[in-house]
Amino acid sequence: MMGPGLWSIVKFLTHQFFFTETMPKGEVKLKKRLIRKARGKKPEFRRQESWRLKRLDESWRRPKGLDSKMRIRKKGWPPRVSVGYRSPRVIRGLHPSGLEEVLVHNPREVEGVDPERQAIRIAHTVGAKKRMAILEMAKAMGVTVLNPGKG
C-alpha cells in the first residue's frame, strides 16, 4: 500500500501535469521520486516452488493447484500478482530516469523527441553507421540515449 505522502504526489502530478502539454521545472525529479517510492513497495513475484526445484524458472506463473497454499494466499507464502500492486498512472511505463522511452530506428525519428520529457532507445536492428548518426543527432539536440553502446 502507498502512504499518504505518495498519494499526495500522485494527485498533484495527475492534476497538474498529466493532461497538459507544458512541463514545469522539477516534474522529472518528482516522477523519479515517485517511481522509487512506488517500485520499492512492489514485491518480486516468484513462481510457486521455483526456490525448491531447479527445473522451474522464477518467472511468474499463476498457481492453479487444488491444494496450492500460494493460490489460497496462505500466510508465510510469497504474494500473488494482483491489481492492488499496479503503479500510479503518472509513472506507468516510464524509465527509472523519469523519462518516457521512445524507440528510434533512424536519425529522422530523433527530431520529434522532446528532450525534457523523453529519452530514446536505439532499436537493436540498427547498424553501426546509422547508430553513429543517431548518436550525433541526439547529442546535438541534448536528448538522452538509453543504450548508446560501447563507442
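Throughout, read-outs are computed from the coordinates displayed, never taken from laboratory work. Please read all numbers here as calculations on a predicted model, not as lab measurements. Cβ coordinates were reconstructed from backbone atoms using ideal geometry, including for glycine residues, and neighbour counts include every protein chain displayed.
Worth pointing out:
- Expected-Rg normalisation [2.2 N^0.38 Å, Cα atoms] applied to the stretch 21-151: 1.45
- In this structure, the residue pairs whose Cα-Cα separation is over 28 Å, taken from 31/69; 42/75; 54/150, are 31/69; 54/150.
- Ordering 57, 114 by the number of other Cβ atoms within 10 Å of each residue's own Cβ, fewest first, gives 57, 114.
- Virtual spin-label span in nm between residue 72 and residue 60, 7 Å along Cα→Cβ: 2.3 nm
- Ranked by how many other beta carbons lie within 10 Å on average, peptides 104-110, 81-87 from highest: 104-110, 81-87
- Protection proxy ranking, highest mean first, for peptides 68-75, 131-138: 131-138, 68-75, where packing is the per-residue count of other beta-carbon atoms within 10 Å, averaged.
- In this simple spin-label model, placing a label point 7 Å from the Cα along the Cα-to-Cβ direction at both residue 111 and residue 86 gives a separation of 3.8 nm.
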